[in-house]
Amino acid sequence: MPDSSQPPAPAPAFDLRLAWCFTVVAEYRHFGRAAEALHTTQPSLSRQIGRLETQLSVRLFERTPQGNHLTEAGEAFLPLATDLLRAADRAAAGTRAAARPGRITIGHTPGILVTPAVRELRHRHPDAEVRTTQLTPGEPHQALLDHRADAVIARLPFPTDGLDVTALYDEPRVLVVPLDHRLAGRESVTLADIADEPLPRVRGADPLQSAFWRIDPRPDGRPAPDGPLIEAVADQFELIAGGQAVTISVPTHTLRPDLTTVPLEGVEPSHVVLATRAGDRNRLVAAFRTYATSALGG
């Protein structure tokens, strides 16, 4: 029986569905287009937004002939509503995952070999459903929080709030240059040797990762020289082969035959880690951590 000495939990201030409708209208800035996206009618959507405004006791939209604009209160509510909906999705995903303790999805980013640990997990737990998925370098944190992956092996840096992180091994960083570059064939190079060498920038790249791989700023505070702006990491190798830029990578990446690497001295290595959701009690997650540390660590 419930404890009658405890006050009842407060009723929610508003319906989550209304918050979802609000975020869609905020995205389209138009009730008609938002109604189409939500597969409802414009009058029905207007009534739902009106209910939300009544429940919150604020106006969220300024309705004008030119469109629907967020009020100051609406601007403040938008990121909060977005975070709330994401938290609800995570709660649902976490609950479903708890009901499937015999399943695990292991994520990994490009250039990282996870096969030995995955093979061991499958061998030791033959009845478990073990899946693997490749993630982009910017995805590990969100993929774990969204339950698209239960364990991820990736290179730092990436956000680690809400995660448990286990160090596996380090990789030295190297300079990637064309075969005819002035530094090709050297035993090693330093940051001083590439002080004026442009490095590509990837559009939309995670700032933490961009700063790490471009070493930007340099230890003396100078910004890294900007090379061409590219759409994806893979695009940089054509630029490098053509002599338009150099880049910093790890020696385990497979290179084109017209490129070579030179050890980069005096810089922090790349750290490869296993990340999982903090407090995850899935027995397969704990088992995979043991196998990954044994098979990949060191």
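Tabulated results
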item: Condition broken by Ala117, with the remaining ones in (1) over 21 Å from the mean Cα position of the chain (by Cα); (2) under 30 Å from Thr254 (Cα atoms); (3) hydrophobic (A, V, I, L, M, F, W, C); (4) modelled with pLDDT under 95 satisfied; result: (4)
item: Given (1) charged (D, E, K, R); (2) touching a residue at least 40 places away in the same chain (Cβ under 8 Å); (3) assigned by TED's automatic domain parsing to the domain that holds Arg277, index of the condition Glu129 fails; result: (2)
item: Region 157-173, residues that are under 13 Å from the mean Cα position of the chain (by Cα) and of a type in the set (A, V, I, L, M, F, W, C); result: Phe158, Leu163
item: Residue in region 173-180 that is crowded, with 16+ Cβ neighbours inside 10 Å and more than 19 Å from Ile112 (Cα to Cα) present; result: yes
item: Enumeration of residues in region 127-147 that are modelled with pLDDT under 95, under 11 Å from the mean Cα position of the chain (by Cα) and either in a strand (DSSP E or B) or under 14 Å from Arg277 (Cβ atoms) (or both); result: Gln142, Leu145, Asp146
item: Any hit, region 184-191, residues being part of a strand (DSSP E or B) and either over 24 Å from Leu113 (Cβ atoms) or not assigned by TED's automatic domain parsing to the domain that holds Val285 (or both); result: yes
item: Only one of Pro217, Pro200 that is in the same structural domain as Val250 (by TED's automatic domain parsing), more than 17 Å from the chain's Cα centre (by Cα) and assigned to a strand (DSSP E or B); result: Pro200
item: Filtered residues of region 11-44 (kept if in a helix (DSSP H, G or I), of a type outside the set (Phe, Trp, Tyr) and in contact (Cβ under 8 Å) with a residue 24 or more places away in the chain); result: Leu16, Arg17, Leu18, Ala19, Cys21, Thr23, Val25, Ala26
item: Any hit, region 200-213, residues being surrounded by fewer than 18 Cβ atoms within 10 Å (Cβ to Cβ), of a type outside the set (Gly, Ala, Ser) and touching a Lys or Arg at 6+ places or on another chain (Cβ under 6 Å); result: no
item: Positions within region 220-239 being free of Cβ contacts under 8 Å to residues at least 12 places away in the same chain, assigned to a helix (DSSP H, G or I) and not hydrophobic (A, V, I, L, M, F, W, C), in sequence order; result: Glu238
item: Test: residue in region 210-217 that is touching a residue at least 24 places away in the same chain (Cβ under 8 Å) and on the phi > 0 side of the Ramachandran plot; result: yes
item: Residue match in region 240-247 (condition: among the polar types (S, T, N, Q), in a helix (DSSP H, G or I) and without any contact (Cβ under 8 Å) to a residue 60 or more places away in the chain); result: no
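The values are calculated or read from the model by the stated rules, or taken from the named source; none is laboratory data. Just so it is clear, the model here is predicted, and its values are computed rather than measured. Counting neighbours? That spans all protein chains shown, and the Cβs are built from the backbone with ideal geometry, glycine included.
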